[in-house]
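*Asks:* Okay, handing you the structure first.
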Amino acid sequence: MTADELFPEVLAGHVALCIECKTVTRAPIPVRYIQSASGPGTTLYACPDHAVTLGAGPTPGDALRAP
């Protein structure tokens with residue numbers, strides 16, 4: 001193992017990977033929520049540039065109506 005693998009760079013604050021451009025953003029905006037059958041669900045984030053084009057999807061607070 002190299003020193004970089006043993007001691008990876010840690011970014012301060014809340015960071016996430018944009019689901020559209022696959023870059024790390026320091027201003028993540030939640031755009032999707034994936035429900036899980038067991039355990040907590042997963043929130044997907046987008047950078048501010050792509051959050052506008054992706055729009056807001058269902059989040060845990062949303063009530064979904066049956067078709």
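Any read-out appearing in this document is the output of simple, stated calculations on the displayed coordinates, not a laboratory observation. Fair warning: this is a prediction, and the values are worked out from it, not measured in the lab. Counting neighbours? That spans all protein chains shown, and the Cβs are built from the backbone with ideal geometry, glycine included.
*Asks:* List every residue whose amide H lies under 5 Å from the amide H of Tyr33, counting only residues 5 or more places away in sequence or on a different chain, with H placed 1.01 Å from N in the peptide plane.
*Replies:* Those qualifying (amide H under 5 Å, at least 5 residues apart or on another chain) are Leu44.
*Asks:* Further, regarding this structure: Order these peptides, 30-38, 18-26, 2-10, by their mean beta-carbon neighbour count within 10 angstrom, highest first.
*Replies:* Put in order of decreasing packing, that is 18-26, 30-38, 2-10.
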